[in-house]
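Visitor: Pasting a structure below so you can have a look.
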Amino acid sequence: MPLRITFLNQKGGVGKSTAAGLVAAVLKEAGFRVAADDRDPQKTLAFWAREVGGIPLVDELERPDVVVTDTPGRLDLNQESVVSGFRSLVGESDRVVLVSEKTLFSLHASAPMLRIVLGHRRPETRVCVLFNKVRSATVIGRQSDGELAQRLGIPATATHLPLAAAYERFETEGLAAVRGRPLELAKALALELVS
């Protein structure tokens, strides 16, 4: 069975697709057989995987080592069919990464989805929050990842991703556009998630 890493948050625009693509690209470069599973109707990860990343979709690759799953930026958690599908995905996942900015709005929007995740994950599934688009020169960006994660009741990843032009260029140029510290951080995050 492949390791399934699922990126989620019901708040749109926090960078789920970019984080999922970065992790998939880094793992592919490291020699893993990686497949993309895009559950978002916008199909951002699927588009990127085909057009830029050279990563097969989950139904195109036999026996992947890792499946990286992207999810919609908005789920109607009042609709039972949506919640049922989401519960099923959580139950299939080995790692669940809640992608959030370090803002009150992002943390607040994360809470309903996190309750479902914690209620339907397998006991061995690791759940964590990845703080993304961090602006470390600001008061909000300098907040402790650990303290913010405690508000959610889950650990933070050891690595957070800054707001960086390299990650924006990654969307059109792939991993070759990411160098220096942004690349080191992406590699550290991917390694943490597969360990």
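Throughout, read-outs are computed from the coordinates displayed, never taken from laboratory work. Since the structure is predicted, the reported quantities are computational estimates derived from the model, not experimental observations. No Cβ is skipped: glycine too gets one built from the backbone with ideal geometry, and neighbour counts run over all protein chains shown.
Visitor: For the chain, what is the number of Lys pairs with C-alpha distance below 22 angstrom, counting only pairs 8 or more positions apart or on separate chains?
Guide: 14
Visitor: Charges at C-beta only: +1 for Lys and Arg, -1 for Asp and Glu. How large is the resulting dipole of the chain about its Cα centre, in Debye rounded to 20? It would help to have the intermediate numbers written out before the result.
Guide: Values: 25 positive and 23 negative charges, 111 e Å.
Charge dipole of the chain: 540 debye, to the nearest 20.
Visitor: Let me ask something additional. Which of these values of percent of Cα pairs over 31 Å apart was calculated from the structure shown: (i) 55; (ii) 29; (iii) 11?
Guide: (iii)
Visitor: List S110, S136 from most exposed to least, where exposure is judged by having the fewest other Cβ atoms within 10 Å. Walk me through the numbers on the way to the answer.
Guide: On the way: S110 24, S136 11.
Fewest-to-most ranking of S110, S136: S136, S110.
Visitor: Taking the Cβ of E51 as the center, what net charge do the other residues with Cβ under 13 Å away carry, scoring Lys and Arg +1 and Asp and Glu -1? Kindly include the intermediate steps, with their values, before the conclusion.
Guide: Working: positive: K43, R50; negative: D38, E171, E173.
Around E51, the charge tally is -1.
Visitor: Going by C-beta contacts inside 10 Å, put E147, E184, E124 in order with the fewest on the left. If you can, show how the numbers build up before the last one.
Guide: Working: E147 9, E184 12, E124 6.
Starting with the residue having the fewest Cβ neighbours, the order is E124, E147, E184.
Visitor: Separate question: Determine the sum of side-chain charges near A156: Lys and Arg each +1, Asp and Glu each -1, restricted to other residues whose C-beta is under 15 angstrom from that of A156. Before the final figure, lay out each step's value.
Guide: On the way: positive: R95, K102, R126, K133, R142, R151; negative: E101, D145, E147, E192.
Charge balance near A156 sits at +2.
Visitor: Say each of L57 and Q79 gets a label point 7 Å from the Cα, pointing the same way as Cα to Cβ; how far apart are those two points in nm?
Guide: Each label point lies 7 Å from its Cα, and together they span 2.0 nm.
Visitor: Something else about it: Sorted by mean Cβ packing within 10 Å, highest first, what order do the peptides 77-88, 58-69 take?
Guide: My ranking of the peptides, most packed first, is 58-69, 77-88.
Visitor: I'd like to know which of G15, I55, S110 lies farthest towards the positive end of the charge dipole of the chain, counting +1 on Cβ of Lys and Arg and -1 on Cβ of Asp and Glu.
Guide: S110
Visitor: Using only the alpha carbons of segment 1-54, determine the length spanned along each of the three principal axes and report them from longest to shortest in whole angstroms.
Guide: 32, 25, 17
Visitor: Around V96, what is the net charge, scoring Lys/Arg as +1 and Asp/Glu as -1 over all other residues with Cβ under 15 Å from its Cβ?
Guide: Values: positive: R4, K16, R39, R87, R95, R115, R121, R122, R126; negative: D37, D70, E92, D94, E124, E192.
Net charge around V96: +3.
Visitor: Let me know the volume per residue of the alpha-carbon convex hull for segment 109-195, in Å³. Intermediate results must be reported in sequence, preceding the final value.
Guide: Numbers: hull volume 10.6 nm³, N = 87.
About 122 Å³ per residue, rounded to a whole number.
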